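Note sheet for the following structure.
The values are calculated or read from the model by the stated rules, or taken from the named source; none is laboratory data. Computed from a predicted model, the values in this text were never measured in an experiment. Neighbour counts are summed over all protein chains in view; Cβ atoms, including those assigned to glycine, are modelled from backbone coordinates with ideal geometry. To get the accessible areas, we keep the full protein, side chains included, count just its heavy atoms, and leave off ligands, DNA and RNA. Shrake-Rupley method; radii C 1.70, N 1.55, O 1.52, S 1.80 Å.
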Amino acid sequence: MRLRDTSSITEPGTAAVLRARHQHGVTLIELVVVIGVLAVIATVAAVALHGPIQAYADINRRAELTNIADTALRRMARDIRLALPNSIRVNGSNIEMLLTKTGGRYREQPNGSGQGDVLDFAQPDTAFDTLGPLSNAPSPVTAGDILVVYNVYADPAIPSANAYTYNSNHCGTPSSPSCNTALITGTGAGALPNETRISFQARQFPYASPGNRFHVIESSPVSYECLPGPLDAQGNATGTLKRITGYPIALAQPTGSAFGTASLLANYVADCQITYSPLVLTQSLGLVSMTLKLTRGGESVSLYHEVHVTNIP
């Protein structure tokens with residue numbers, strides 16, 4: 001009798017059972033364990049990355065605040081350097097100035113041949129020749145600009161030799177004894193080569209400049225208004241710094257932002273300090289000191305800037 005080998009014979013359904021044994025699914029316990037491990041890893045990663053991410057955000061915020069403050073202070077410094085000598089005045093955290101367009105020296109006497117139009121201080125005059133050509137920096141002189149000779153004061157209590165009297169009754173007549181300004185009507189060639197003739201409305205200037213200097217200023221002053229503000233719920237300061245133009249020259253310094261056209265220079269202003277010392281180091285130099293503090297998201301940046309100004313009339 002021959003025996004039959006049945007080792008390779010499988011019963012129906014056995015192969016399917018064997019395949020099923022090698023195709024395991026994920027049990028609920030395994031899923032919970034994996035989720036728990038991932039949660040631990042995520043927590044550790046969040047704790048490890050929180051410091052660097054927060055530091056990066058703080059650095060960006062400080063850099064932005066520094067850039068805003070630096071740009072604002074540099075804009076103020078540019079105007080301050082162009083200020084008419086002795087025209088800067090400060091009221092609290094507001095600063096005002098008259099901006100010069102150019103300047104030079106007027107002819108005090110004719111040349112050896114009797115040529116040249118001199119500036120007459122004995123009676124009202126309407127024109128004079130400059131010593132050398134008139135510079136067009138930073139901008140050319142046009143009709144409507146204002147001529148100033150020997151400006152010494154900006155105090156409204158001292159109208160003499162004070163360019164802020166331009167629109168006041170102190171300049172009511174051509175020979176008003178306190179008025180050191182005149183409206184320019186035009187420019188042209190002087191009597192001699194490389195000289196410029198400046199024409200202006202009749203004016204008898206009360207004081208001659210020791211250095212025969214004159215200045216040409218714009219018809220509108222410039223003010224900077226700094227209004228610090230408290231912090232809001234997000235830790236941002238609510239104050240502003242504005243540049244104001246487009247208003248007439250007045251003997252008294254205006255306050256508030258309703259007297260001209262305001263341009264925003266900086267937000268987030270928490271504090272600002274502006275001081276002016278008219279006589280520093282020598283009798284001819286003044287010093288403007290400015291401190292600006294900006295706060296955003298509880299982060300504060302303070303910048304300090306100084307500008308020397310020439311006060312030689």
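Return yes or no: is residue 205 assigned to a loop (DSSP other than H, G, I, E, B) and open to solvent by 20 Å² or more (accessible area, probe 1.4 Å)? Step through it out loud before you land on a result.
Values: assigned to a loop (DSSP other than H, G, I, E, B): yes; open to solvent by 20 Å² or more (accessible area, probe 1.4 Å): no.
No, not satisfied.
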For region 107-150, which positions are open to solvent by 70 Å² or more (accessible area, probe 1.4 Å) and of a type in the set (D, E, K, R)? 108
With the checklist (1) in contact with a Cys (Cβ under 9 Å, 6 or more places away or on another chain); (2) under 22 Å from residue 144 (Cβ atoms); (3) modelled with pLDDT under 95 in hand, flag the one item residue 203 doesn't pass. (3)
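Restricting the search to region 56-99, which residues are among the hydroxyl-bearing types (Ser, Thr, Tyr), open to solvent by 20 Å² or more (accessible area, probe 1.4 Å) and in contact with a strand residue (DSSP E or B) (Cβ under 6 Å, 6 or more places away or on another chain)?
Scanning region 56-99 gives 66, 93.
I'd like to know if region 286-302 contains one or more residues that are open to solvent by less than 70 Å² (accessible area, probe 1.4 Å), part of a strand (DSSP E or B) and either among the basic types (Lys, Arg) or out of contact with any strand residue (DSSP E or B) (no Cβ under 8 Å at 6 or more places or on another chain) (or both).
Within region 286-302, the first condition is being open to solvent by less than 70 Å² (accessible area, probe 1.4 Å), and the residues that meet it are 286-292, 294-301.
Imposing the further condition that a residue be part of a strand (DSSP E or B) reduces the set to 286-292, 294-296, 299-301.
Checking the rest, the ones that are also either among the basic types (Lys, Arg) or out of contact with any strand residue (DSSP E or B) (no Cβ under 8 Å at 6 or more places or on another chain) (or both) come to 296, 299.
For region 286-302, residues open to solvent by less than 70 Å² (accessible area, probe 1.4 Å), part of a strand (DSSP E or B) and either among the basic types (Lys, Arg) or out of contact with any strand residue (DSSP E or B) (no Cβ under 8 Å at 6 or more places or on another chain) (or both): present.
Can you name the residue in region 60-119 that is in a helix (DSSP H, G or I) and among the polar types (S, T, N, Q) and, of all such residues, is farthest from residue 211 (Cα to Cα)?
Just the residues of region 60-119 that are in a helix (DSSP H, G or I), to begin with: 60-81.
Now narrow it down to the ones that are among the polar types (S, T, N, Q): 60, 66-67, 71.
Working: 60: 51, 66: 42, 67: 41, 71: 36 Å.
Filtering first and then ranking leaves 60.
Quickly run through region 226-246 and pick out the residues that are aliphatic (A, V, I, L, M), touching a residue at least 12 places away in the same chain (Cβ under 8 Å) and either under 30 Å from residue 171 (Cβ atoms) or in a loop (DSSP other than H, G, I, E, B) (or both).
Of region 226-246, the ones aliphatic (A, V, I, L, M) are 227, 231, 233, 237, 241, 244.
Checking the rest, the ones that are also touching a residue at least 12 places away in the same chain (Cβ under 8 Å) come to 227, 231, 237, 241, 244.
Of everything in region 226-246, just one residue is aliphatic (A, V, I, L, M), touching a residue at least 12 places away in the same chain (Cβ under 8 Å) and either under 30 Å from residue 171 (Cβ atoms) or in a loop (DSSP other than H, G, I, E, B) (or both), namely 244.
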State which residue is most open to solvent (accessible area, probe 1.4 Å) when the search covers only region 151-202 and only residues that are part of a strand (DSSP E or B) and among the polar types (S, T, N, Q). 201
For region 247-272, name all the residues that are without any contact (Cβ under 8 Å) to a residue 40 or more places away in the chain and either part of a loop (DSSP other than H, G, I, E, B) or not hydroxyl-bearing (Ser, Thr, Tyr) (or both). 247, 256, 257, 258, 259, 262, 264
Total residues in region 216-234, condition within 19 Å of residue 65 (Cβ to Cβ) and either open to solvent by 10 Å² or more (accessible area, probe 1.4 Å) or touching a helix residue (DSSP H, G or I) at 6+ places or on another chain (Cβ under 7 Å) (or both): 9
Residue 238 passes all but one of (1) touching a Lys or Arg at 6+ places or on another chain (Cβ under 8 Å); (2) more than 30 Å from residue 141 (Cα to Cα); (3) surrounded by fewer than 20 Cβ atoms within 10 Å (Cβ to Cβ); which number fails? (1)
Please name all residue pairs, on different chains or six or more residues apart, with Cβ atoms under 6 Å, provided the first residue is in region 125-139 and is of a type in the set (D, E, K, R) and the second residue is buried (at least 18 other Cβ atoms within 10 Å of the Cβ) and in a strand (DSSP E or B). 129/197
